[in-house]
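This report concerns only the one structure given below.
Nothing in this text is a laboratory measurement; each read-out follows from the coordinates by a stated rule. Quick caveat, the model's predicted, so the values are computed rather than measured. Don't worry about glycine lacking a Cβ; one is built from the backbone with ideal geometry, like all the others, and counts go over all protein chains shown.
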Ligand SMILES: [Zn+2]
């Protein structure tokens, strides 16, 4: 029997909001990105193994991991 396993990581832009950056301190558009790592069998994604939310500053490129409640606070 032969199985082909793999991991696939995809990023999806959720939304963009203007907020102050924690790195450069500028009031600049902040992108909220969701990154998912999926287990795939024969190139078909089956299970989501890891899900992280990132806040990316469009001014300086500073990236930080945020929680779900921080994402909801930014979405308002
Ligand atoms: Zn910044």
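Descriptive notes on the structure:
- Extension gain for the segment residue 9 to residue 41, taken as residue separation times 0.36 nm less the Cα-Cα distance, is 10.1 nm to one decimal.
- The calculated FRET efficiency for the pair residue 2 and residue 52, based on their C-beta separation and a Förster distance of 25 Å, comes to about 0.20.
- Helical runs assigned H by DSSP (4 residues or longer) give the chain a calculated mean residue ellipticity at 222 nm of -3000 deg cm²/dmol, each run adding -39500 (n - 2.57) before division by the residue total.
- Prolate is the label for the stretch 1-43, because a/c, from the alpha-carbon gyration tensor with a ≥ b ≥ c as root eigenvalues, is 1.5 or above and a/b exceeds b/c.
- FRET E, pair residue 23, residue 69, Förster distance 25 Å, beta-carbon r, rounded to 0.05: 0.75
- Gained length - residue 16 relative to residue 60, 0.36 nm times residue gap less alpha-carbon distance: 14.3 nm
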